[in-house]
Amino acid sequence: MKFHNPESEVYVPDDSPADHALLRTTHLAVGAHQDDLEIMAFHGILDCFGKSDKHFTGVTVTNGSGSPRNDLYKGYTDEAMRKVRRVEQKKAAFVGEYSAHV
């Protein structure tokens, strides 16, 4: 898969090939920001969780650089926030047993 943005990636929690993970997708959600998927697509994530015949894939279209910076993240740069949000989203995909996250 070729992305326009060089920072884009397909994360597959179970280490299957990306093409396979995307092809097996039965439930798909597209969210603007990190954490949007876990709120707006909770039903789809839950419907696929622990199932061998249903697979959730999530797409997040922003990189997290515009995240609020108070308390813990007060001194973080845009680049640091991108890294934090990317790790957070990967953790959510792993725990939620997503087929893939883009």
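Read the figures in this text as sums done on the coordinates, not as results from a lab. Since we're looking at a predicted model, the values are computed, not measured. Cβ sites come from the backbone with ideal geometry, for glycine too, and all protein chains shown count toward neighbours.
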(message) Between residue 54 and residue 90, how high is the FRET efficiency from 1/(1 + (r/R0)^6) when r is the Cβ-Cβ distance and R₀ = 22 Å? Nearest 0.05.
(response) 0.60
(request) Under a cut-off of 22 Å between alpha-carbon atoms, report the lysines in cross-link reach of residue 2, not counting same-chain residues fewer than 8 places apart. (result) 83, 90
(request) Take every DSSP beta bridge with both residues inside the chain and express the antiparallel ones as a percent of the total, to the nearest 5. (result) 10
(message) Suppose the chain between residue 40 and residue 1 were pulled fully straight at 0.36 nm per residue; how much longer would it get relative to their current alpha carbon spacing?
(response) 11.4 nm
(request) Write down, largest first, the equivalent ellipsoid semi-axes of the chain in whole Å, where each equals the square root of 5 times an eigenvalue of the alpha-carbon gyration tensor. (result) 25, 15, 11
(request) Amide H neighbours of residue 30 under 5 Å, at least 5 residues apart or on other chains, H built in the peptide plane: list them. (result) 59
(message) How far apart, in nanometres, would the label points at residue 61 and residue 9 be if each is projected 7 angstrom from Cα along the Cα-to-Cβ direction?
(response) 2.3
(request) Based on other C-beta atoms within 10 Å, arrange 57, 77, 25 from fewest to most. (result) 77, 25, 57
(message) Between residue 24 and residue 83, how high is the FRET efficiency from 1/(1 + (r/R0)^6) when r is the Cβ-Cβ distance and R₀ = 25 Å? Nearest 0.05.
(response) 0.30
(request) Taking the Cβ of residue 78 as the centre, find all other residues whose Cβ is under 13 Å away and add up their charges (Lys, Arg: +1; Asp, Glu: -1). (result) +3
